[in-house]
1. Filter the range 127-176 down to residues that are of a type in the set (S, T, N, Q) and under 16 Å from ASP110 (Cα atoms) and give me whichever is nearest to the chain's Cα centre (by Cα).
2. Are any residues in the range 144-158 touching a strand residue (DSSP E or B) at 6+ places or on another chain (Cβ under 7 Å) and either part of a helix (DSSP H, G or I) or among the charged types (D, E, K, R) (or both), and if so, which ones?
3. Among the residues of the range 129-143, write down those that are touching a Ser or Thr at 6+ places or on another chain (Cβ under 9 Å) and outside any helix (DSSP H, G or I).
4. If I ask for residues that are among the aliphatic types (A, V, I, L, M) and more than 18 Å from GLY130 (Cβ to Cβ), which ones from the range 153-171 would you list?
5. Checking ILE161 against (1) farther than 18 Å from LYS12 by Cα; (2) assigned to a loop (DSSP other than H, G, I, E, B), which test does it fail?
6. Consider the range 100-119. How many of its residues are more than 17 Å from TYR47 (Cβ to Cβ), surrounded by fewer than 19 Cβ atoms within 10 Å (Cβ to Cβ) and either of a type in the set (Val, Ile, Thr) or in contact with an Asp or Glu (Cβ under 7 Å, 6 or more places away or on another chain) (or both)?
7. Restricting attention to the range 144-176, which residues are surrounded by 18 or more Cβ atoms within 10 Å (Cβ to Cβ), in contact with a Ser or Thr (Cβ under 7 Å, 6 or more places away or on another chain) and in contact (Cβ under 8 Å) with a residue 60 or more places away in the chain?
8. State yes or no: is TYR96 surrounded by 12 or more Cβ atoms within 10 Å (Cβ to Cβ) and either touching a strand residue (DSSP E or B) at 6+ places or on another chain (Cβ under 7 Å) or not polar (S, T, N, Q) (or both)?
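Derivation of every value follows stated rules applied to the coordinates shown; laboratory data play no part. All values derive from a computational prediction rather than experimental measurement. Note: ideal-geometry Cβ built from the backbone for every residue, glycine included; neighbour counts use all protein chains shown.
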Amino acid sequence: MNKSEIRKKILKIRKQKSSKNLNINYENILKILKKYKIKDKLVGGYYPYNYEVDAMKILEKFERKGYQISLPKIKKNFQMNFFSWSKNEPLEINKYGIPEPASDKVVYPDILLIPLLAFDKRLYRIGYGGGYYDRYIKKIKRRKKITTIGLAYSFQRVKEIPINKYDVKLDFVVTD
């Protein structure tokens, strides 16, 4: 299957399973951070859209443990940056209907929780096809070390994601 076919198939399944109340165990993310001695405290997450894994619950737990939280804002030319955010702060709706932080304080996360449509055993992912996360990860890795963790449901795993030179491999994928 090509990327477009995979997207279509997984989106359909994810929508069908959306009422099943599936969740990612926050403790599994903490285990990864502990096992690999990742002590950084700035987490980048996302506001769930189109039946994605709900990262907001996970971000709230990180915030309660003293982590600084950030969310992305979409910019022109398929770019994005992350901005400091706390659950008590307002969000603004962007042109895609996705809430973004009102903050203008750009931050560079140490740990990035990433939404995805599908992933494979090599830890390649596909999203909606805009390349936002691939571009962002490449950009931030030039500045600092970052840990990338994809959040997915187990049914989003596919045999193989067709990749190209723009695709960036994740460090981990955590499922339900």
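1. By that ranking, first place goes to THR148.
2. Hits for the range 144-158 are GLN156, ARG157.
3. Once the filter is applied, which keeps residues that are touching a Ser or Thr at 6+ places or on another chain (Cβ under 9 Å) and outside any helix (DSSP H, G or I), the range 129-143 yields only GLY129.
4. VAL158
5. Going through (1) farther than 18 Å from LYS12 by Cα; (2) assigned to a loop (DSSP other than H, G, I, E, B) one by one, ILE161 breaks only (1).
6. Looking only at that region, the number is 1.
7. ALA152, TYR153
8. Here the answer is no, as TYR96 does not meet what is asked.
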